[in-house]
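The values are calculated or read from the model by the stated rules, or taken from the named source; none is laboratory data. The model shown is predicted, which means the values in this text are computed figures rather than measured ones. All Cβ positions, glycine included, derive from the backbone under ideal geometry; neighbour counts span all protein chains shown.
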């Protein structure tokens, strides 16, 4: 998992619930100027958070698409540049249609197909772990309180069911070990995404 991927997903999951209140105007020319500058900075920050959140949710959405289209998933996982190939897209209209419906993701993929597929792989691993935690809420509660438990040998020895599951899912275990706090926040973001989409 690259530093860039960690940064993008880290911002998205850590800021996904952030709201940015606007400051009211105050009296005095200096105070008013400061307030306007503050307001502009806050609006810019809010826009960045929104874009990161939209990117994260689009990556989750793309993982759903890949799970429904395993042949495409296998091909572009092996060769990410296929996703920008006009010939491959022409031969796979479902992928082409998905990208047209998600222009922000299409732009990200066009710039950095390998990086995007790394992001998609990370999200896929987090989705797998989120499903496991949903089925095992006691582990979810403990790891939510202390994410580092997920890589604690003593903790895993105490709970062989979790240890065995991670051993059977090495991709999840690997991403979890790199940054437990970020990875678990990503599972929370996925859970929220799933909750929203299950209602729609």
- [ ] Answer yes or no as to whether residue 88 is touching a residue at least 12 places away in the same chain (Cβ under 8 Å) and closer than 24 Å to residue 186 by Cα.
- [x] no
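Among the candidates 147, 180, single out the residue that is surrounded by 13 or more Cβ atoms within 10 Å (Cβ to Cβ), closer than 21 Å to residue 59 by Cα and free of Cβ contacts under 8 Å to residues at least 40 places away in the same chain. Step through it out loud before you land on a result.
Values: 147 fails: closer than 21 Å to residue 59 by Cα.
Testing whether each residue is surrounded by 13 or more Cβ atoms within 10 Å (Cβ to Cβ), closer than 21 Å to residue 59 by Cα and free of Cβ contacts under 8 Å to residues at least 40 places away in the same chain leaves just 180.
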Open item on the list: Can you tell me which residue is nearest to residue 118 (Cα to Cα) among those in region 157-200 that are outside any helix (DSSP H, G or I) and more than 15 Å from the chain's Cα centre (by Cα)?
Closed with: 169
TODO: Please determine, by comparing only the residues of region 68-82 that are more than 21 Å from the chain's Cα centre (by Cα) and surrounded by 16 or more Cβ atoms within 10 Å (Cβ to Cβ), which one is modelled with the highest pLDDT.
DONE: 75
